[in-house]
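A.B. asks: Starting off with a structure, shown below.
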Amino acid sequence: MQINILNEQEAAVLQELIAASSCIVITCHKSPDGDALGSSLAWAEYLKGMGKEPSVIIPDAYPDFLRWMPNTEKVVRYDKHRELCDVMLKAADLIFCMDFNESGRLDEMQAAFDAATQAKRVMIDHHLSPQMETALTVSMPELSSTSELAFRIIWQLGGFDSMNKACAACLYCGMMTDTGGFTYNSNRPEIFMIIGELLTKHIDKDKIYRNVYNNFSSWAVRFRGYLMSQKLNVFDDLHASYFTISRYDMKRFRFIKGDAEGVVNEPLRIKGMKLSISLREDDRRDNLIWVSLRSVDQFPCNEMAERFFNGGGHLNASGGRLTCTLQEAEQIVRDAIKAYEEILKKS
């Protein structure tokens, strides 16, 4: 079974870049999910094993249910420590870009990142259309996650034997969360070979699942039930649905970051459902709506996200954002669903 993904030249370039660098920064996209944070923390562990002392900088907060991950306490948030992060980025001679394909996904951190022109960059990502100048780009949208990419590279470079439990747990979490518990984008047999190898590092995959998916507050569980019972709009004839999350809803249910994680998948439990869309008001900025899309089979979430929601992503899991009111966003969703009416009606 083929695990290696780099050609000989790429492997040599990566090894040379690491060896020649004394100040390494690892970063990922805004609102880090399990894959972004997991791949970043795992890659940091790998580099530590090579005698390096990398720093992990993230643009802003990650969900509360990821706090169990090893070494999250060492991660530096740009939105909380802007001046420190600016200094760290300015001093870096190598920056690893994990799980993002263009600097715009760093949001408020973008300017500092773009200004760090002295640092060479390596992109490790699984999103479509990479748009950054790098010394090396490892981009494979067909793979399940950036964490899978990171595992494959570590394996190819001979780092698996010395991989520690912390690194393995972070990689497993990243792969698990980016496939919805291995329920989508996870049919490649190599994925399960990788899981088997990670289990030899004595990770507890069942506990990792519970840490991520069974780690909500009672308020969060009520919140999710409320969304499905009161806010869900279902178009049975089109096999599509959407729901909204307002600031009032979040305040009412004592919302914290991560409480809505995965809830966009819930409508797909409905028999015959092909498409689910969530619209969430930003809790601080007016007229900013975050859009998440999930689908099954061959419905192109990424195409819809790009066409209607200023976004993109994967075939069955994509995102975007709108600069409008929540009511205006609802109309855009309805227009988007209508535009794909013929595809959605097909059995």
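The values are calculated or read from the model by the stated rules, or taken from the named source; none is laboratory data. For clarity, every value in this text was computed on a predicted model and none was experimentally measured. Here the Cβ positions follow ideal geometry from the backbone for every residue, glycine too, while neighbour counts run over all protein chains shown. In case anyone asks, the SASA skips ligands and DNA or RNA and just uses the protein heavy atoms, side chains included. Shrake-Rupley method; radii C 1.70, N 1.55, O 1.52, S 1.80 Å.
A.B. asks: Would you point out which residue out of G181, G158 is among the small types (G, A, S) and closer than 18 Å to V296 by Cβ?
C.D. replies: Every option except G181 fails the conditions.
Each row is one residue, and each column tells you yes or no for (1) surrounded by fewer than 22 Cβ atoms within 10 Å (Cβ to Cβ); (2) touching a residue at least 60 places away in the same chain (Cβ under 8 Å); (3) assigned to a helix (DSSP H, G or I).
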residue: D107; (1), (2), (3): yes, yes, yes
residue: A111; (1), (2), (3): yes, no, yes
residue: D114; (1), (2), (3): yes, no, yes
residue: S147; (1), (2), (3): no, yes, yes
residue: W155; (1), (2), (3): yes, yes, yes
residue: G158; (1), (2), (3): yes, no, no
residue: M163; (1), (2), (3): yes, yes, no
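A.B. asks: Going through the stretch 137-176 one residue at a time, which ones are closer than 20 Å to V56 by Cα and hydroxyl-bearing (S, T, Y)?
C.D. replies: Across the stretch 137-176, the qualifying residues are T137, S145, T146, S147, Y172.
A.B. asks: In the stretch 174-204, which residues are in a loop (DSSP other than H, G, I, E, B) and either open to solvent by less than 20 Å² (accessible area, probe 1.4 Å) or among the aromatic types (F, W, Y) (or both)?
C.D. replies: Matches in the stretch 174-204: T179, F182, Y184, S186, I203.
A.B. asks: Based on what the data block shows, is I277 in a strand (DSSP E or B) and open to solvent by less than 40 Å² (accessible area, probe 1.4 Å)?
C.D. replies: The answer is yes for I277.
A.B. asks: Looking at the stretch 1-39, which of its residues are more than 17 Å from M140 (Cα to Cα), small (G, A, S) and surrounded by 17 or more Cβ atoms within 10 Å (Cβ to Cβ)?
C.D. replies: Correct list: S21, S31, G34, G38.
A.B. asks: Step by step: first the residues of the stretch 87-130, then only those that are acidic (D, E) and closer than 25 Å to R321 by Cβ, then the one that is farthest from the chain's Cα centre (by Cα). Which residue is that?
C.D. replies: D114
A.B. asks: Run down E10, E16, E73 and say which single residue is at pLDDT 95 or above and over 16 Å from M123 (Cα atoms).
C.D. replies: Checking each option against the conditions leaves just E73.
A.B. asks: For the stretch 224-249, give me each residue that is more than 29 Å from D297 (Cβ to Cβ), of a type outside the set (S, T, Y) and in contact with a helix residue (DSSP H, G or I) (Cβ under 8 Å, 6 or more places away or on another chain).
C.D. replies: Selection gives D249 alone.
A.B. asks: In the stretch 243-274, which residues are outside any loop (DSSP other than H, G, I, E, B), under 22 Å from R294 (Cα atoms) and either open to solvent by 50 Å² or more (accessible area, probe 1.4 Å) or of a type in the set (A, V, I, L, M, F, W, C) (or both)?
C.D. replies: F243, I245, M250, V263, V264, E266, L268, R269
A.B. asks: Condition first: buried (at least 20 other Cβ atoms within 10 Å of the Cβ), more than 22 Å from the chain's Cα centre (by Cα) and under 29 Å from D125 (Cβ atoms). Can you find one or more residues in the stretch 309-328 that meet it?
C.D. replies: No, the conditions are met nowhere in the stretch 309-328.
A.B. asks: Okay, next question. Out of curiosity, is Y226 touching a Gly at 6+ places or on another chain (Cβ under 8 Å) and either more than 30 Å from I245 (Cα to Cα) or in a helix (DSSP H, G or I) (or both)?
C.D. replies: Judged against the criteria, Y226 is not a match.
A.B. asks: Take F216 and tell me if it is surrounded by 16 or more Cβ atoms within 10 Å (Cβ to Cβ), of a type in the set (A, V, I, L, M, F, W, C) and over 24 Å from the mean Cα position of the chain (by Cα).
C.D. replies: no
A.B. asks: Test each condition in (1) surrounded by fewer than 24 Cβ atoms within 10 Å (Cβ to Cβ); (2) under 22 Å from A135 (Cα atoms); (3) touching a helix residue (DSSP H, G or I) at 6+ places or on another chain (Cβ under 7 Å) for D93 and report the one that comes out false.
C.D. replies: (3)
A.B. asks: May I pose another question? Picking from S139, S129, which residue would you name as being out of contact with any Cys (no Cβ under 9 Å at 6 or more places or on another chain), of a type in the set (S, T, N, Q), surrounded by fewer than 22 Cβ atoms within 10 Å (Cβ to Cβ) and at positive phi?
C.D. replies: Answer to the check: S129.
A.B. asks: Another question, then. Checking I57 against (1) open to solvent by less than 10 Å² (accessible area, probe 1.4 Å); (2) part of a loop (DSSP other than H, G, I, E, B), which test does it fail?
C.D. replies: (2)
Rundown of residues vs (1) out of contact with any strand residue (DSSP E or B) (no Cβ under 8 Å at 6 or more places or on another chain); (2) open to solvent by less than 30 Å² (accessible area, probe 1.4 Å), yes/no style:
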position	(1), (2)
W43	no, yes
L66	yes, yes
H81	yes, no
F100	no, yes
K120	no, no
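A.B. asks: Could you say whether any residue in the stretch 270-281 is under 23 Å from the mean Cα position of the chain (by Cα) and either more than 26 Å from G104 (Cβ to Cβ) or without any contact (Cβ under 8 Å) to a residue 24 or more places away in the chain (or both)?
C.D. replies: Scanning the stretch 270-281, I find at least one residue that is under 23 Å from the mean Cα position of the chain (by Cα) and either more than 26 Å from G104 (Cβ to Cβ) or without any contact (Cβ under 8 Å) to a residue 24 or more places away in the chain (or both), so the answer is yes.
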